[in-house]
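Right, one structure below, let's go through it.
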Amino acid sequence: MIEEILADAETRMGKSVDSLRTELTKIRTGRAHPSLLDQIMVDYYGTETPINQVANVSVEDSRTLAVAPWEKPMVAVVEKAIMNSGLGLNPSTAGNLIRIPMPPLTEERRRELVKVVKNEGENAKIAVRNIRRDANSDFKELLKEKEVSEDASRQAEEKVQKLTDRFVASIDEVIAVKEKELMEI
């Protein structure tokens, strides 16, 4: 029973770290990366569709993305969706290809993005701590119902604390890497 709770906690904590990584890919650094456009939705014949399902998004060079819609009539729609995305991108169209130059980030904007990254990291740590709290309450419930001994419950709590420490350290690493990436010129 204790092992199941520990395994569940470890799985959920891993998902929290993965979720953080996913959120951080949406924060623009200055380099072109196809995942920057992942959250943009395009009106595809009346249906809101992710941009990567109506066009091929690729990196042309380190500061330029290329978007090639699969259908000619979609070029204008995709371009409009990129402009209205709130990412501060100005696409330019050449035939069927939309080029998106990445504007360089100012020092002030970089510092703001670092604050956003740290905030996302803190949210992930809170999620991990909440998972620890849930696991510990499950252990206390087992102890209360006399399904495990006090020693087994205490050992399980120590194991879940070690798991928590490991995942918090992992979150700190992810944040440090993203922060370094943002502050690079």
Among the residues of the stretch 99-134, which ones are among the β-branched types (Val, Ile, Thr), in a helix (DSSP H, G or I) and touching a Leu at 6+ places or on another chain (Cβ under 6 Å)? Val114
Against the condition exposed (fewer than 14 other Cβ atoms within 10 Å of the Cβ) and in the same structural domain as Trp70 (by TED's automatic domain parsing), how does Ala176 come out, does it pass? no
Output the residues belonging to the stretch 134-165 that are exposed (fewer than 13 other Cβ atoms within 10 Å of the Cβ) and either aliphatic (A, V, I, L, M) or under 30 Å from Val117 (Cβ atoms) (or both). Lys162, Asp165
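Okay, residues lined up against (1) in the same structural domain as Lys162 (by TED's automatic domain parsing); (2) free of Cβ contacts under 8 Å to residues at least 24 places away in the same chain:
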| position | (1), (2) |
| --- | --- |
| Gly14 | yes, no |
| Asp18 | yes, yes |
| Asp38 | no, yes |
| Met41 | no, no |
| Tyr45 | no, yes |
| Glu48 | no, yes |
| Ile51 | no, no |
If Gln161 satisfies all but one of (1) touching a residue at least 12 places away in the same chain (Cβ under 8 Å); (2) assigned to a loop (DSSP other than H, G, I, E, B), what's the number of the condition it fails? (2)
Pull out all pairs, ordered by first then second residue, where Cβ-Cβ is under 9 Å, the residues are six or more apart or on different chains, the first lies in the stretch 57-78 and is surrounded by 14 or more Cβ atoms within 10 Å (Cβ to Cβ), and the second is in a strand (DSSP E or B) and of a type in the set (Phe, Trp, Tyr). Met74/Tyr44; Val77/Tyr44
Are any of the residues in the stretch 45-55 touching a Lys or Arg at 6+ places or on another chain (Cβ under 7 Å) and farther than 30 Å from Val160 by Cα? no
Considering the stretch 100-122, residues that are surrounded by fewer than 14 Cβ atoms within 10 Å (Cβ to Cβ) and in contact (Cβ under 8 Å) with a residue 12 or more places away in the chain, and then whichever is nearest to the chain's Cα centre (by Cα), we arrive at Lys118
For the stretch 1-24, give me the residue count where each residue is surrounded by fewer than 16 Cβ atoms within 10 Å (Cβ to Cβ) and among the β-branched types (Val, Ile, Thr). 2
Quick check: is even one residue across the stretch 89-109 among the acidic types (Asp, Glu), at pLDDT below 85 and either over 18 Å from His33 (Cβ atoms) or outside the structural domain of Thr47 (by TED's automatic domain parsing) (or both)? yes
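The values are calculated or read from the model by the stated rules, or taken from the named source; none is laboratory data. This structure is a prediction, so every number in the text was calculated from the model and none was measured. Cβ sites come from the backbone with ideal geometry, for glycine too, and all protein chains shown count toward neighbours.
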